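A short worksheet on the structure shown next.
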Amino acid sequence: MGQTIVVLSGAKEAADVLDRLSQKTSDRPRLIKVNDFLCRGMEFTFLPRSTRWRTMRRAAHEGLHVGDLFAMLEEEARTLVQGLVEHPEVEHTQHIHRMAASIGWRSIFGHDTVPLTGPDPTHHIDKQAVELTVAMLPGGSIVDIFPPLKPIIARIAYLRRRADRWFEDMSTYFEHYYSANQTADHSSVSRNLKGIGGNLGLDSHTGAWIAGALFFAAEDTAACAMLWFIYAMMLYPETGKAARKQLSEVVGERPPSFADRGQLPQVDAMVKEVLRWRPPAPLGVPHAASEELVYGGFVIPRGAIVVANIYEISRDPLLYGDGDHFDPSRFIDTNQMLKAPERDSKDDYLCFGHGRRICVGKDLAINSLWITIVHLLWAFDFKQREEDSVVPTATNFHDKGATIEPKRFLVSAIARHPNLMENLKTIVLDE
């Protein structure tokens, strides 16, 4: 009701408003359903700009030591390859969601890998996250469209109990796994937060919710990006040839690792193109103006919702030319190395947001996607199954609220090496 919404659809405009004027545009919309009913001010991603938000964000940043997780990420990538070979009857989407969940589970809570079959400790979070991802968008709930309804909704017993159950359920879940003894020997956010939380004045309840917020953000977006990569390889198989040629020259038949990264710019280009072509969260998370500002002759009033249209920005013709076409070579120069990124392109990682609200887990996300893509390029060719009646197109997607992923399709992962499993097992034995 009378709410101003500003949509930024160009890279320069987004950088001007959300980066260079971030002091005035790093707030969040009120998000009544998310902050008041569901999360009760505990999900720092959606909190308004405040001392509490800054403290929780700092804790999340300091608790995430990505460099300590490389061995675990390599292990998960090999587990994905092994699963696709040994369990072809399981759809690739299940393999991918398992890996994305397992990376979040292990890096954030410090527990054992999530199994492909059997009990999945992360499944409950996925179910509960659906309501959150819809409510976070502008107009995602009736109470955010008509804020005067808040006291009325709060008095409706059914709705109040439902919100209470959601918050209590998530709090119990996060606190249980945050407080449980870590079973993994690598770094984790939970372990690190327990060490720094006291210095920042954070209790265990807050620490558990910081960990939970990171998991909310990580699992679904990572899975979406991985699925879009496989979809692109099915639609545009020729675009993987340069990266596979480079892999053959650098690693041959042995599995790739992070140690090879400096010699594989084509894989870096592939990662950038996947995230540009199909950003997992096309509209990001909305900002809000904390002060009135003027930009390009337009007045952006205080309280206005400011949305970076990441999908359109990633197709800005000034940066990317034909943005609808999937083409990793756009990031490669004449010397077959990565091009220097253009100004306002956010190092060609626009999907992670802008300003003081840029994604805390950006480095983990990029490294997770890189190690996944390099293993899948090395191990498989992807072809649509003959029994699949779905016609794959670049606009065929499933809207999950804040994120999008390809509509269901069936794909065969065809091994590219005759001794694929033996090579994987040799690496495991060497470790």
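The values are calculated or read from the model by the stated rules, or taken from the named source; none is laboratory data. A quick note: this is a predicted structure, and the numbers were derived from the prediction, not measured. So basically every Cβ, Gly included, is an ideal-geometry build from the backbone, and we count neighbours across all protein chains shown.
Observations, loosely collected:
- Among residues of the stretch 25-47 being of a type in the set (D, E, K, R) and crowded, with 21+ Cβ neighbours inside 10 Å, the one that is farthest from R161 (Cα to Cα) is D27.
- Inter-residue pairs, beta-carbon under 6 Å, first over 16 Å from T372 (Cα atoms) and in the stretch 238-251, second of a type in the set (D, E, K, R) and modelled with pLDDT of 95 or more, 6+ apart: V250/D260
- For the stretch 51-88, a residue qualifies if it is farther than 19 Å from L214 by Cα and among the small types (G, A, S), and the qualifying residues are A71, A77, G83.
- The stretch 291-323, residues that are β-branched (V, I, T) and buried (at least 17 other Cβ atoms within 10 Å of the Cβ): I300, I305, V306, V307, I310, I313
- Output for the stretch 324-345, where each listed residue is assigned to a helix (DSSP H, G or I) and surrounded by fewer than 20 Cβ atoms within 10 Å (Cβ to Cβ): S329, R330
- Considering residues of the stretch 91-144 that are assigned to a helix (DSSP H, G or I) and among the hydroxyl-bearing types (S, T, Y) only, the residue nearest to R165 (Cα to Cα): T133
- Some residue of the stretch 379-396 being surrounded by 22 or more Cβ atoms within 10 Å (Cβ to Cβ), touching a helix residue (DSSP H, G or I) at 6+ places or on another chain (Cβ under 6 Å) and modelled with pLDDT of 90 or more: yes
- Among residues of the stretch 1-24, those that are within 30 Å of K150 (Cα to Cα) and under 23 Å from the mean Cα position of the chain (by Cα), counted: 4
- Pick from the stretch 168-182, criterion among the polar types (S, T, N, Q) and surrounded by fewer than 12 Cβ atoms within 10 Å (Cβ to Cβ), ranking: nearest to D112 (Cα to Cα): N181
- Cβ pairs under 9 Å, 6+ apart, first in the stretch 317-340 and β-branched (V, I, T), second surrounded by 15 or more Cβ atoms within 10 Å (Cβ to Cβ): I332/A242; I332/P265; I332/Q266; I332/A269; I332/L338; I332/K339
- If you check R165, R160, R244 for being surrounded by fewer than 18 Cβ atoms within 10 Å (Cβ to Cβ), in contact with a Leu (Cβ under 8 Å, 6 or more places away or on another chain) and not in a loop (DSSP other than H, G, I, E, B), only one passes: R244.
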